[in-house]
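A short worksheet on the structure shown next.
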Amino acid sequence: MKTEILPSLLAADFGRLADEILRAEASGAEALHLDIMDAHFVPNLSFGPDVVALAAKVAPGFYRNVHLMMTRPDLYLEPFAKAGAQTIQIHVEADCDVHAELKRIRAMGLKNAIVINPETPVDHLFPYLDEIDEALVMTVHPGYGGQAFIAECLPKVTELRKRRPALDIMVDGGVNAETAVQAAKAGANQFVAGSYLFRQPDMKAAVEAMRAEVSA
Ligand code: DX5
Ligand code: ZN
């Protein structure tokens with residue numbers, strides 16, 4: 001499995017977004033994680049397609065992984081695809097026909113992913129495992145950066161890895177140098193980290209250290 005580290009732009013300095021995107025790209029991270037919050041699915045608002053388009057403009061070669069924390073992601077697939085999303089992640093808890101929307105993301109030529117919240121049992125993902133490019137196991141209750149990692153979510157990663165040895169499995173929330181190793185042991189190969197990476201004076205060194213630790 002290919003290890004991937006994804007800085008989450010939510011933790012960037014919003015006064016210097018373009019520079020922060022370039023700093024994340026220069027860190028050698030495989031992709032940028034962009035968190036979209038609708039103040040309904042989660043109790044917070046973040047940003048919309050314009051920030052995805054900004055990332056596509058300032059760092060066209062830096063892969064864009066877009067996490068839709070939205071009750072109705074189905075209404076926003078086109079704007080995010082048009083803005084330059086390359087993977088679109090939708091929640092299994094969303095209020096839409098999840099099978100149909102996963103299919104539609106692929107039909108737009110993008111990769112799809114399904115996301116599962118801490119309180120949702122892992123078997124809710126089983127019907128989708130043959131229709132996805134990636135599974136994202138949330139390790140915090142989504143809505144805010146900077147929360148503590150919920151290790152109790154890791155058995156879901158292990159169960160998914162057992163069922164799909166070759167699937168990309170991502171963790172998101174509270175990921176740092178230590179918790180990334182726990183997630184890797186459970187079977188994750190993709191690691192989103194927001195506050196941990198963006199607060200590093202040397203993000204490149206932190207990304208390299210995290211990659212080495214989780215690959216060991
Ligand atoms: C949580 C978001 C995460 C968040 C992670 O609602 O989906 O991607 O940015 O932030 P940290 O790494 O600070 O927990
Ligand atoms: Zn996220």
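The values are calculated or read from the model by the stated rules, or taken from the named source; none is laboratory data. Bear in mind that the values here come from a model prediction, so they are computed numbers and not experimental data. All Cβ positions, even for glycine, are placed from backbone atoms using ideal geometry, and neighbour counts span all protein chains on display. All accessible areas refer to the heavy atoms of the entire protein, side chains included, with ligands and DNA or RNA removed. Shrake-Rupley method; radii C 1.70, N 1.55, O 1.52, S 1.80 Å.
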Would you compute, from DSSP H runs of 4+ residues alone, the mean residue ellipticity of the chain at 222 nm, taking -39500 (n - 2.57) per run and dividing by the full residue count, rounded to the nearest 500?
-> -10000 deg cm²/dmol
If you project the alpha carbons of region 4-215 onto the principal axes, what extent comes out on each, in Å, largest first?
-> 42, 37, 30
Kirkwood Rh and Cα Rg combined as Rg over Rh, evaluated for region 116-181 | 0.95
Carbon and sulfur together cover what percent of the accessible area of the chain at a 1.4 Å probe radius?
-> 54
Just the accessible area per residue of region 67-142, please: how many Å² with a 1.4 Å probe?
-> 39
How long, wide and thick is region 9-105, going by the Cα atoms along their three principal axes, in whole angstroms, largest first?
-> 38, 27, 19
Euclidean distance between Cα centres, region 149-216 to region 10-77, Å | 19
If the cut-off is 13 Å between C-alpha atoms, which aspartates and glutamates fall inside it for residue 2, apart from same-chain ones fewer than 8 positions away?
-> 30, 134, 168
Over all Cα pairs of region 105-152, the Kirkwood radius sets Rh, and Rg/Rh then becomes 1.04
Looking at region 11-107, which chymotrypsin sites (Phe, Trp or Tyr not before Pro) are DSSP coil and have at most 10 other C-beta atoms within 10 Å of their C-beta?
-> none
Cα extents of region 141-216 per principal axis, largest first, Å, are 39, 29, 16
Relative contact order in percent for region 12-156 (Cα pairs under 8 Å, 6+ apart) equals 17
Mind counting lysine pairs for me in region 4-215? Cα separation below 13 Å, and the two need to be 8 or more apart along the chain or on different chains.
-> 4
